[in-house]
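The values are calculated or read from the model by the stated rules, or taken from the named source; none is laboratory data. All of these numbers come straight from a predicted model, not from anything done at the bench. Methodologically, a virtual Cβ is constructed for each residue, glycine included, from the backbone with ideal geometry; neighbour enumeration extends over all protein chains shown.
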Amino acid sequence: MALNTLKVQTENQKVNLPILEEKKVLLLIKREDRIHPLISGNKYRKLKYNIKKAKIAQYGTLLTFGGAFSNHIIATACAAHENGLRSVGIIRGEELTFKWKENPTLLKATELGMQLKFVSRKDYRNKHSPEFIEKLKAEFGCVYILPEGGTNDLAIKGCEEILIDKDKSFNIICSSVGTGGTIAGIINSKAREQRVIGFPALKGDFLKEDICKFATNDQWNLQKDYHFGGYGKVTLELINFINNFKKETQIPLDPIYTGKMMFGILDMIKKDKFAERTKILAIHTGGLQGIAGMNTILKKKKLPLINI
Ligand SMILES: *Cc1c(COP(=O)(O)O)cnc(C)c1O
């Protein structure tokens, strides 16, 4: 993760599927997943200016928060490692204390030097409270703190670099939504006539407000029908969709974010929500590292696995 390079640009790949020809809709996918195998997609964008700031201010350690399969945790561990910083991960779930080595994301994070601290779900819920932060500072010293999911002003500045000049030809930009930081950056950097559609990966009505805090215009909306039961939840229908999409297009999707977004986009196209000749750009925000962890869960549930 070289920080002093020019702005990273990723390729837009055309998606070829019969339904797109039938409905005369053009769909391309911006392969942000190819930025880095572990600091993938939007996590690179969100970390870039934070790492720069941490280094300039001479912090030695990044500290952040996440669940057991978090793309943000692994990305932070890897970005810290590549930039000569230490890292601490505050992980939700005390029960993981003795079995984290079975978790591919956490195992890899520790191999990259991240120190893990497991906390109860109750403590985790209060993680951004001043008291909890003071405790962490007492334990880990002077640390640069990134919020859960990595969303802050500098993260949004980084996400404003996802779209580039040549993307102005699209009518619609689609993105998956977790905390809303990524879509806020996209909204702020889109061309005037473009519209942004977000596909939340979780249930709940708080996202709109969170995005409004950072967004500088209102030409966007959320499609809330594609969370598949909530954050981290998957169904047989979603797994089959991801595997078929990969077989037909050679494009891999992750089950937490991009799989749900792409399912939603194609479902809307099927239902004639877009006029003929609409040009859609979907952002592949990455997250492919999480497939291995999801497969360990699917195996236990005797569901089919996601093809890597
Ligand atoms: C974290 C993540 C998101 C959500 O990004 P937010 O900025 O939190 O909305 C979307 N896609 C992938 C692959 C992610 O890892």
Practice item. Could you tell me which of the residues Thr97, Thr105, Thr76 is among the β-branched types (Val, Ile, Thr), more than 16 Å from the ligand (Cβ to nearest atom) and assigned to a helix (DSSP H, G or I)? Key: Thr97
Practice item. Please find, among Leu112, Leu106, the residue that is modelled with pLDDT of 95 or more and more than 17 Å from Leu85 (Cα to Cα). Key: Leu106
**Study point:** segment 27-68: number of residues that are more than 15 Å from Gly290 (Cβ to Cβ), of a type outside the set (Lys, Arg) and part of a strand (DSSP E or B)
**Key:** 8
Exercise for review: Could you grab me the full set of residues in segment 228-244 that are touching a residue at least 40 places away in the same chain (Cβ under 8 Å), in a helix (DSSP H, G or I) and in contact with a Gly (Cβ under 8 Å, 6 or more places away or on another chain)?
Suggested key: Ile242
Practice item. Return yes when Tyr49 is surrounded by 18 or more Cβ atoms within 10 Å (Cβ to Cβ), more than 16 Å from the chain's Cα centre (by Cα) and either closer than 17 Å to Gly158 by Cα or small (Gly, Ala, Ser) (or both) and no when it is not. Key: yes
**Study point:** Residue check, Ile283 in a loop (DSSP other than H, G, I, E, B), under 23 Å from the mean Cα position of the chain (by Cα), under 18 Å from Arg31 (Cβ atoms) and of a type in the set (A, V, I, L, M, F, W, C)
**Key:** no
Study note, to complete from the structure: Within segment 208-267, restricting to residues that are in contact with a Phe, Trp or Tyr (Cβ under 7 Å, 6 or more places away or on another chain) and of a type in the set (Ser, Thr, Tyr), the one that is nearest to the ligand (Cβ to nearest atom) is Tyr226
Review point. Going through segment 213-227 one residue at a time, which ones are assigned to a loop (DSSP other than H, G, I, E, B) and crowded, with 18+ Cβ neighbours inside 10 Å?
Key: Ala215, Gln223, Tyr226, His227
**Study point:** Qualifying residues in segment 181-197 (those that are under 17 Å from Met262 (Cα atoms) and near the ligand (Cβ under 8 Å from one of its atoms)) - the one farthest from the chain's Cα centre (by Cα)
**Key:** Ile183
Practice item. Would you please name the residue that is surrounded by the fewest Cβ atoms within 10 Å (Cβ to Cβ), looking only at residues in segment 287-304 that are without any contact (Cβ under 8 Å) to a residue 60 or more places away in the chain and over 18 Å from the mean Cα position of the chain (by Cα)? Key: Lys302
**Study point:** Out of Ala57, Ala68, sole residue that is modelled with pLDDT of 95 or more and under 22 Å from Phe140 (Cβ atoms)
**Key:** Ala57
Point to revise | Cross-chain or 6+ apart pairs with Cβ under 8 Å, segment 45-74 first and farther than 28 Å from Thr296 by Cα, then away from the ligand (no atom under 14 Å from the Cβ) and part of a helix (DSSP H, G or I) | key: Ile51/Ala80; Thr61/Ala80; Thr61/Phe140; Leu62/Ile51; Leu62/Ala54; Leu62/Ala80
Practice item. Would you point out which residue out of Leu163, Leu136 is part of a loop (DSSP other than H, G, I, E, B) and closer than 29 Å to Ile56 by Cβ? Key: Leu163
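Results for (1) closer than 17 Å to Tyr44 by Cα; (2) in contact with a His (Cβ under 9 Å, 6 or more places away or on another chain); (3) surrounded by fewer than 17 Cβ atoms within 10 Å (Cβ to Cβ), shown as yes or no for each residue.
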| position | (1), (2), (3) |
| --- | --- |
| Thr61 | no, no, no |
| Leu85 | yes, no, no |
| Phe98 | no, no, yes |
| Leu106 | no, no, no |
| Leu116 | no, no, no |
| Asp167 | no, no, no |
Check your understanding: Can you name the residue in segment 144-162 that is surrounded by fewer than 23 Cβ atoms within 10 Å (Cβ to Cβ) and at pLDDT 95 or above and, of all such residues, is farthest from His128 (Cα to Cα)?
Key -> Glu161
